[in-house]
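First comes the structure, then the notes that go with it.
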Amino acid sequence: MLTQKVVKHIADLLPMHCEVCHLALTKPLPPSGICDHCSRYFAPIPRCQRCGLPTPFDIAECGECLKHPPKWRRLYCVADYQPPLAQYVHRLKYERQFWQASKLAVLLAQRIEKPAKVITFVPLHWGRYLRRGFNQSELIARSLARQLNVPCQSLFKRVRATPQQQGLTKVERKRNLDRAFLLNGEIVADHIAIVDDVLTTGSTVQHLCELLLEAGVKSVDIYCICRTPEPAS
């Protein structure tokens, strides 16, 4: 089995290309695998700090959050669910390109100002996990935790298999998640972040936030790769 040292030596000999434009990268190689030119696609834009949706300028809470505040304190994301970022997520989730998780985590880590004390992730039901073989949110969370130097713990278990949330309205998503999750043990940290790959209505993480807050957690943040507006009800 090749050691990390040998693998690194081989990588140094091979040409590396930008994940987006496919042009050759110059050394030192960026951890994200994206050249300086294409990095502009991932430049931060003004967002509501609470819900993460785009706003005309950076604000702590948008009007919708003031009327209907989410359970979490703050949401950090890389960008909206659109190319080229959406392609990264798709490659990880559906093409089993597991190395994309660390590259996505690099992009996300750049956004986080004050990391939570513990990072966790949205769980899969065991049946779906067996069929897929991995949890993309867990892969991102564990890579992100290493970069931020904080522990990553599995704090939830999905006790009921549910249809996929994609394509459901906000009301249908909430009904779909009823009694679907439980805590996976004792919670000791007072500031926890939940990692998800794509956040739309936020119904899943809202439900998980409620479990943490009921267990005594004081503050919950959301770390996601893509934030996209919810579909019409």
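FYI, it's all coordinate maths here, none of it is from the lab. In this text the structure is predicted, and so the values were computed from the model without any measurement. As a convention, Cβ positions derive from the backbone with ideal geometry for all residues, glycine included, and neighbour counts pool all protein chains shown.
Could you list ARG40, ARG175 in order of exposure, starting from the residue whose Cβ has the fewest other Cβ atoms within 10 Å?
Arranged by neighbour count, lowest to highest, ARG40, ARG175 become ARG40, ARG175.
Along the Cα-to-Cβ line of SER219, 7 Å from the Cα, sits a label point; which residues in segment 182-212 have backbone N less than 14 Å from it?
Residues passing the 14 Å test: 189-194.
Quote the relative contact order of segment 44-227 in percent (integer), defining contacts as alpha-carbon pairs under 8 Å separated by 6+ residues. If you can, show how the numbers build up before the last one.
Values: 328 pairs, mean separation 48.5, N = 184.
It comes to 26 percent, rounded to a whole number.
What area, in nm² and to one decimal, does the C-alpha convex hull of the chain cast on average over all directions?
Average of the hull's projected areas for the chain equals 14.2 nm².
Sum up the lysine pairs in segment 44-227 that clear both bars: alpha-carbon distance under 15 Å and a spacing of 8 or more or different chains.
Working: LYS71/LYS174; LYS71/LYS218; LYS93/LYS103; LYS117/LYS218.
So the count works out to 4.
Please identify the DSSP H helices in the chain that span no less than 15 Å along the helix axis (Cα) and have a mean Kyte-Doolittle hydropathy of 0.5 or more.
Details: long enough: 136-148 (18 Å, -0.12); 203-214 (17 Å, 0.56).
Within the chain the helices that satisfy the rule are 203-214.
Dipole size in debye (nearest 20) for the chain around its Cα centre, Lys and Arg Cβ +1, Asp and Glu Cβ -1? If you can, show how the numbers build up before the last one.
Numbers: 32 positive and 20 negative charges, 95 e Å.
Value, rounded to 20: 460 debye.
If each residue's Cβ is checked for other Cβ atoms within 10 Å, how do ILE119, ILE59 rank with the fewest at the top?
Working: ILE119 26, ILE59 14.
Taking fewest neighbouring Cβ atoms as first place, the list is ILE59, ILE119.
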